[in-house]
């Protein structure tokens, strides 16, 4: 593994290796055991999309690993003012030990990896959110003990979260169902991948998708950059909500996850959110541990 660009690039073995290391690093942190695996290393963090969890978790994680995180907003870089990505990649490769980028286009992440010679980590693009899904998988295994026999159901937009969850959950052996409106399905590349698995299903009925689910996951209806579509999306996603009725269709003891921020009473009710807050905020914490594992795998000597 040279980079973390999208879940499609990871093998099942690589995913499990990352999760096992994340568990170990979490244990060490909780027990005050230092792990300065990245002492002397510098991570450049490029943000063309703002973030709470991504910035704080990467920055804190890099400090805990003994390295130095360098925050770079799009206002700080020439990349947002006409410098080609390939030039930025070649320059930053001479200064940094690795780059985490949170941006819009997947191609930008892929180009950084192609033209640079240091590890690139996708902190989020419109196509993929691998760091979040690694944290989700870590949380599912933590609460359920293993992935064996589990079904994950995603309700909502066929966006970067849906794309990465479909791939990640199928690769670790879970069954996957997704409910989204016809005009908001995942891209062909993801559906082609999922079509290899008999345990994948897609429907426009949230109730049908939730039947027998052990894990229900949702995301906001309008992601960053889609604010102009908010009203249109609100109409399209009416009924695509995790609520008591939907939970009743899932298996008893089903857990609920949300990548946050959550819009209560839209994609999830306040009642269900608060009933599953322990799982959701453990998931948010696990961003720290999963990303530390990724950085160690990619950047440690």
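Values quoted throughout were computed directly from the atomic coordinates according to the rules given, and no laboratory measurement underlies them. Predicted model only: the values in this text are computed from it and were never measured. Because the Cβ atoms are built from the backbone with ideal geometry, glycine has one as well, and the counts that use them run over all protein chains shown.
Using mean Cβ contacts within 10 Å as the protection proxy, how do 63-70, 166-173, 283-290 order, highest first? Before the final figure, lay out each step's value.
Details: 63-70: 18.4, 166-173: 22.5, 283-290: 24.1.
Order by mean packing, descending: 283-290, 166-173, 63-70.
Grab the Cα-Cα distance for residue 2 and residue 198, subtract it from 0.36 nm times how many residues apart they are, and report the gain in nm with one decimal.
Values: separation 196, 0.36 × 196 = 70.56 nm, distance 3.05 nm.
Value of the extension gain: 67.5 nm.
Could you state the angle between the C-alpha long axis of helix 12-30 and the longest principal axis of the C-alpha atoms of the chain, as a value from 0 to 90 degrees rounded to the nearest 10?
The angle comes out near 80 degrees.
Remind me, relative contact order of the chain in percent, using alpha carbon pairs under 8 angstrom and six or more residues apart?
Numbers: 568 pairs, mean separation 62.8, N = 301.
Over the chain, the number comes to 21 percent.
Contour minus end-to-end for residue 115 and residue 264, with contour as 0.36 nm per residue of separation and end-to-end as the Cα-Cα distance?
So the chain would gain 49.5 nm between residue 115 and residue 264.
How would region 145-301 be classified by its alpha-carbon gyration tensor: rounded, prolate or oblate, with rounded meaning a/c under 1.5 and the a/b versus b/c comparison settling the rest? Please list the in-between numbers first.
Numbers: a/c = 1.26, a/b = 1.23, b/c = 1.02.
Because its axes are fairly even, with a/c under 1.5, region 145-301 counts as rounded.
Work out how much length residue 24 to residue 278 would gain on full extension: take 0.36 nm times their residue separation and subtract the Cα-Cα distance, in nm to one decimal.
Answer, rounded to one decimal: 89.4 nm.
Using only the alpha-carbon atoms, how far is helix 53-64 inclined from the longest principal axis of the chain? Give it as 0 to 90 degrees, nearest 10.
Between the helix axis and the principal axis of the chain, the angle is about 50 degrees.
I need the calculated FRET efficiency for the pair residue 107 and residue 189, taking r as the beta carbon distance and R₀ as 22 Å, to the nearest 0.05. Before the final figure, lay out each step's value.
Values: r = 13 Å, r/R0 = 0.60.
Rounded to the nearest 0.05, the efficiency is 0.95.
Please give the FRET efficiency for residue 94 paired with residue 63, using the beta carbon to beta carbon distance and R0 = 30 Å, rounded to the nearest 0.05.
Numbers: r = 23 Å, r/R0 = 0.78.
Computed FRET efficiency for residue 94 and residue 63 comes out at 0.80.
Measure out, as a whole number of angstrom, how far apart the alpha-carbon centroids of region 277-297 and region 146-205 sit.
21
Could you give the angle, 0 to 90 degrees to the nearest 10, between helix 130-144's Cα long axis and the longest principal axis of the Cα atoms of the chain?
That helix lies at roughly 50 degrees to the long axis.
Using a ≥ b ≥ c from the Cα gyration tensor of the chain (square roots of the eigenvalues), is it rounded, prolate or oblate, where a/c under 1.5 gives rounded and otherwise the larger of a/b and b/c decides, a/b for prolate? Present the calculation step by step, with values, prior to reporting the outcome.
Values: a/c = 1.80, a/b = 1.41, b/c = 1.28.
Judged from the Cα gyration tensor, the chain comes out prolate (a/c at least 1.5, a/b above b/c).
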